[in-house]
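Read-outs: derived from the displayed coordinates by stated rules, not from any lab. Worth saying up front: this structure is predicted, and the values here are computed from it rather than measured. Cβ: placed from backbone, ideal geometry, glycine included. Neighbour counts: every protein chain shown.
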Amino acid sequence: MTYGEYYYLVKYDMKLVNGNWISKPLNIKIPRRMSREDAAIYYTEKLRKYWDDIKENK
């Protein structure tokens, strides 16, 4: 999981309660930010896996 994916999960879970934004803490360690090159490799592999799964399910 990347830092951006972690941040998205936290923001997605936020709720407005009595005028304050509340978020449950996730039970995972906050990931470190990746370099641009590492992120490109990570997302390329993630997209390839996603497309392979779609092809298999057809």
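For the stretch 21-56, filtered to residues that are in a helix (DSSP H, G or I) and among the hydrophobic types (A, V, I, L, M, F, W, C), the residue that is nearest to Thr2 (Cα to Cα) is Ala39.
Residues that are surrounded by 10 or more Cβ atoms within 10 Å (Cβ to Cβ) and under 16 Å from the mean Cα position of the chain (by Cα) were ranked within the stretch 6-22; the one that is farthest from Ala39 (Cα to Cα) is Met14.
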